[in-house]
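Here is the structure we will look at, set down as structure tokens.
Taken together, the values in this text are just the output of simple stated rules run on the coordinates, not laboratory data. Bear in mind that the values here come from a model prediction, so they are computed numbers and not experimental data. Cβ sites come from the backbone with ideal geometry, for glycine too, and all protein chains shown count toward neighbours.
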Amino acid sequence: MKAARIHAYGHSDQIEVEDVTSPSNKPDEVLVRIKAAGINPVDWKVREGYMAQVAPRPFPFTLGQDFSGEVIAVGGTVTGFAVGDRVYGFASGAYAELAVVSPSMLAHKPATIDDATAASLPTPGLTALQCVRIAGVRKGQRILIHGAAGGVGSIATQLCRATGATVIATASSKDMLYLNELGVEEVIDYRSQHFDELVHDVDAAIDTVGRDTATRSLKVVKRSGIIVSTVGAVPEDQARRAGVMAVRMVMQKNANDLRELARLVDAGTVKSPRVGRVLPLVAAREAQDLYESGRSEKIVLNVRQS
Ligand SMILES: NC(=O)c1ccc[n+]([C@@H]2O[C@H](COP(=O)([O-])OP(=O)(O)OC[C@H]3O[C@@H](n4cnc5c(N)ncnc54)[C@H](OP(=O)(O)O)[C@@H]3O)[C@@H](O)[C@H]2O)c1
């Protein structure tokens, strides 16, 4: 089978699309034929070696984690999945034609969307679900979402709106209309405006941007409010002085949240992130470069046509 692998950490020119031995599943695993693989910022962080300490892997290894595909073999002890099931979830190496997946990382794919769209969902979707859960978002609250037009931000925005909360978004002006369509009335253009001069007394802030965004958000979150960040830490002493709880979250991959996300998508409560380009597996380098160059639309690898 074909797989997009790296033999050393580095830039995208380390990615080689190669013929490798097809994997086979153990009794507690499922073998999936990947149809589409979603690209996430974590994919180039892995490629560049930033995750080497937390999740070391021997070289060479296949990149990518989010996928949509079809079950082609089921281990003897696995329940809940059958050959032919359409699934989505997390693989350790999703930029490949086949992947062995634990059932704890897998769910039936939302029935109302195609493979490319489903492949854009797992990481941003579960991150957004868990951020909103940690923030304890409730009806009537005002929530500031940084990077609201991106993968995580767009889903967090929709989840907050669905609970009846008001969302104030930071984003580029090009994404203003998109965010209006998601139910956001107040969009702050981060390129020309300073959110900390415009926003006050929000119940929570969700930060998907990093750098000093979470620390600057301390000024705009109510006392006893919360900042949940996917990227940057707020120094504990500063958070304590501001009377704000600051949480740096790490997305937990799990089947329950994948099922919940699929239910929300099929119910029309959540739309997946915007998918921009869909490129073939052989263009894995170009696909990572495109997304890394800073566009809000997702890039997906089309691994095998439905
Ligand atoms: N902790 C975890 O477990 C976890 C899980 C998932 C993701 N993450 C991290 O969370 C971050 C976001 O992920 P993502 O998938 O949502 O990325 P994404 O799809 O690339 O979205 C990022 C968004 O942020 C916008 N942006 C950039 N600078 C901004 C600023 N100063 N103010 C407001 N918006 C700004 C971008 O807009 P432009 O179009 O203007 O660039 C883009 O819309 C990444 O760093 C990712 O690694 C962490």
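Scan the chain and hand back the longest stretch that contains none of the chymotrypsin sites (Phe, Trp or Tyr not before Pro) lying in DSSP loops with at most 14 other Cβ atoms within 10 Å.
Formally, the longest exposed-site-free interval is 51-306.
Taking 7 Å along the Cα-to-C-beta vector as the label spot, tell me the M51-V83 distance in nanometres, rounded to one decimal.
Inter-label distance under the simple model: 3.2 nm.
Binned at 10 Å from 0, what are the whole-percent values of the Cα-Cα distance distribution for region 10-106, short to long?
Whole-percent P(r) values from 0 Å outward: 16, 47, 30, 8, 0.
What is the log10 of I(q)/I(0) for region 124-248, computed with the Debye formula using one identical point scatterer on each Cα and no solvent, at q = 0.16, 0.17, 0.19, 0.21 Å⁻¹?
-0.65, -0.74, -0.94, -1.17
Give me the orientation-averaged projected area of the Cα convex hull of the chain, in nm², one decimal.
15.4 nm²
Using a Gaussian network model of the chain with C-alpha springs under 10 Å, which one of R191, R259, R86 is most mobile by mean-square fluctuation?
Per the Cα network of the chain with a 10 Å cutoff, R191 tops the list.
Based only on other Cβ atoms within 10 Å, what is the fewest-to-most ordering of R223, R133?
Sorted ascending by nearby Cβ count, the order is R223, R133.
Can you sort K2, K139, K35, K109 so the residue with the fewest Cβ neighbours within 10 Å comes first?
K139, K2, K35, K109
Between N180 and D266, what length comes free when the chain is fully extended (0.36 nm per residue of separation minus the Cα-Cα distance, one decimal in nm)?
Here the segment from N180 to D266 would lengthen by 28.8 nm.
Would you mind ranking D28, D85 so that the residue whose beta carbon has the fewest other beta carbons within 10 Å leads the list?
Ascending number of Cβ neighbours within 10 Å: D28, D85.
Against the longest alpha carbon principal axis of the chain, how many degrees, from 0 to 90 and to the nearest 10, is the axis of helix 151-163 turned?
Between helix and principal axis, roughly 60 degrees.
Angle, helix 122-135 long axis vs. longest principal axis of the chain, Cα atoms, 0 to 90°, nearest 10?
Around 30 degrees separate the two axes.
Using just the Cα positions, wrap region 217-306 in a convex hull and report its mean projected area in square nanometres, one decimal place.
Average of the hull's projected areas for region 217-306 equals 9.0 nm².
Which parts of region 1-29 would a label at I72 reach, counting a residue when its backbone N lies under 17 Å from a point 7 Å out along Cα-to-Cβ?
1-4, 18-26, 29
Could you name the aspartates and glutamates in cross-link range of K109, using Cα to Cα under 15 Å and dropping any fewer than eight places away on the same chain?
D66, E70, D85, D257, E260, D266
Local charge sum around H11 (other residues, Cβ-Cβ under 14 Å, Lys/Arg +1, Asp/Glu -1)?
Its environment carries a net charge of -4.
Once each part is reduced to its C-alpha centroid, what is the distance from region 247-306 to region 128-157 in angstrom?
Each part reduced to its Cα centre gives a spacing of 17 Å.
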